[in-house]
Amino acid sequence: MDTTKSIDIIKSSGQKMKFSLDKLRNSLKHSGANHELVEEIVSRVNDELFEGITTNEIYNRAYALLKKHKTVFASKYKLKKAIYELGPTGFPFERFIAEILKYSGYGVKVGVILNGDCVTHEIDVVAEKNDTVTIIECKFHNEEGRNCNVKIPLYIHSRYNDVKAHWVTNKNNRPLNKGWVVTNTRFTQDAIDYGKCADLYLLSWDYPKNDGLKDRIDRLGLYPITVSSLLSNREKQFLLSRNVVLCRQLIKDKFYLDHLGVSNTRKTKILDEISQLCNNH
């Protein structure tokens with residue numbers, strides 16, 4: 001089905017762009033919804049479009065329609081927004097990245113002080129695998145439309161070089177791998193070019209292609225607790241404050257739902273939704 005409407009919509013950055021039915025269709029497919037449901041929602045959203053509608057309004061409408069059919073589809077659909085909800089500070093995002101690395105076979109520590117040649121540095125995540133150490137810096141934005149520009153990898157590269165100079169001088173047994181820069185948004189082209197040139201590993205929502213954050217989360221089934229469409233914001237913040245950042249962790253630590261006073265009926269629904277997200281992997 002192709003739209004007969006050619007309208008301008010407003011992105012979260014404030015920029016105008018032409019509405020694309022295919023983009024909406026692809027994001028709905030990503031939720032796991034079948035073809036018939038995707039086409040039904042696309043048709044209904046298309047009928048309700050008007051000039052100057054925001055991407056957020058379109059998202060909210062599609063999300064509400066998905067949630068009516070199956071909460072697990074709605075949860076997967078809201079993944080990008082759920083990562084913004086790990087804020088307002090960057091600490092839960094750092095823990096989330098550490099957990100993703102842990103499930104990929106790394107030993108991880110969060111908030112580690114390392115000496116440099118010039119100054120000491122607090123490193124967001126230090127990861128170890130095959131006797132190699134990787135230092136990872138996370139740049140979290142809690143507002144949509146804010147990309148990671150070249151200043152971030154430039155700054156992180158200088159910190160990495162300072163740590164590496166001290167590391168080599170002190171003849172550490174385990175080699176230091178290339179530095180990583182991780183963001184929940186997107187890198188500008190300048191940032192990507194600098195990362196390649198400086199031999200930094202960049203990881204964002206959709207970079208590297210087919211191996212960005214969204215791909216890793218889907219592949220490993222490591223959804224943040226904030227994707228849940230059944231938990232309230234207060235409940236999510238309570239869980240994050242106790243370092244429960246993954247849906248998988250809540251399955252193991254379900255006693256936290258008792259601490260929150262969640263009724264047995266609601267607890268069953270929440271755990272069912274979360275189990276469906278994790279058990280598809």
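Brief remarks on what is shown
- In sequence order, region 28-43 has phi-based couplings of 6, 4, 4, 6, x, 5, 6, 4, 5, 5, 4, 5, 5, 5, 4, 5 Hz under the Karplus curve 6.51 cos²θ - 1.76 cosθ + 1.60, θ = phi - 60°, and Gly or Pro positions carry x.
- Where labels lie 7 Å past Cα in the beta-carbon direction, separation of Lys254 and Lys29 in nm: 3.5 nm
- Region 224-279, accessible surface, carbon-and-sulfur percent (1.4 angstrom probe): 46 percent
- Over the C-alpha atoms of region 18-173, the Rg to Rh ratio, Rh being the Kirkwood estimate, stands at 1.13.
- Average Cα contact separation per residue, region 1-148, under 8 Å, 6 or more apart, as relative contact order %: 19 percent
- Taking every alpha-carbon pair under 8 Å whose residues sit at least 6 apart, region 224-279 reaches a relative contact order of 42 percent.
- In summary, the aspartates and glutamates within cross-link reach of Lys11, defined as a Cα separation below 13 angstrom excluding same-chain residues under 8 places away, comprise Glu51, Glu57, Glu143, Glu144.
- Extension gain from Glu36 to Phe50, taking 0.36 nm per residue of separation minus the Cα-Cα distance: 2.6 nm
- Separation of the Asp211 and Lys151 label points, Cα + 7 Å toward Cβ, nm: 3.0 nm
- Sequence-distant lysines (8 or more away, or on other chains) whose Cα lies within less than 21 Å of Lys67: Lys23, Lys29, Lys76, Lys78, Lys80, Lys81, Lys214, Lys236, Lys267, Lys269
- For the pair Thr169 and Asp199, a Förster radius of 25 Å applied to the C-beta separation gives a FRET efficiency near 0.80, rounded to the nearest 0.05.
- Alpha-carbon radius of gyration plus Dmax, which is the widest Cα pair, for region 90-220 in Å: 14.2, 43
- For the chain, the dipole from Cβ point charges (+1 on Lys and Arg, -1 on Asp and Glu) about the Cα centre works out to 480 debye, to the nearest 20.
- If you wrap region 212-281 in the convex hull of its Cα atoms and look at it from every side, the mean projected area works out to 4.5 nm².
- Between the C-alpha center of region 48-72 and that of region 178-253 there is a gap of 23 Å.
- Selection from Ile9, Asn56, His69, by position along the positive dipole direction of region 8-69 (Cβ): Asn56
- Mean-square fluctuations from a GNM of the chain, with a 10 angstrom spring cutoff on Cα atoms, peak among Thr71, Thr265, Thr183 at Thr265.
- Value of [θ]222 nm, deg cm²/dmol, for the chain, DSSP H segments ≥ 4, -39500 (n - 2.57) each, nearest 500: -14500 deg cm²/dmol
- Accessible area per residue in Å² at 1.4 Å probe, computed on region 71-145: 42 Å²
- Top of Ser241, Ser27, Ser263 by mean-square fluctuation, Gaussian network on the chain, Cα under 10 Å: Ser263
- When the chain is treated as a Gaussian network with alpha carbon springs shorter than 10 Å, the biggest mean-square fluctuation among Lys78, Lys209, Lys139 belongs to Lys209.
- Relative contact order of the chain, taken over Cα pairs closer than 8 Å and 6 or more residues apart, is 15 percent.
- Heavy-atom surface of region 224-279, accessible at 1.4 Å and reported per residue (Å²): 47 Å²
- In summary, the chain shows an alpha-carbon radius of gyration equal to 1.10 times the 2.2 N^0.38 Å reference for compact globular proteins.
- Estimated FRET transfer efficiency when R0 is 30 angstrom, pair Ser263-Val112 (beta carbons, to 0.05): 0.15
- Charge dipole magnitude, Cβ of K and R +1, D and E -1 - region 139-249, Cα centre, debye nearest 20: 380 debye
The values are calculated or read from the model by the stated rules, or taken from the named source; none is laboratory data. Because the structure is a prediction, the values reported are computed rather than measured. Ideal geometry is used to build each Cβ from the backbone, glycine not excepted, and the neighbour counts take in all protein chains shown. All accessible areas refer to the heavy atoms of the entire protein, side chains included, with ligands and DNA or RNA removed. Shrake-Rupley method; radii C 1.70, N 1.55, O 1.52, S 1.80 Å.
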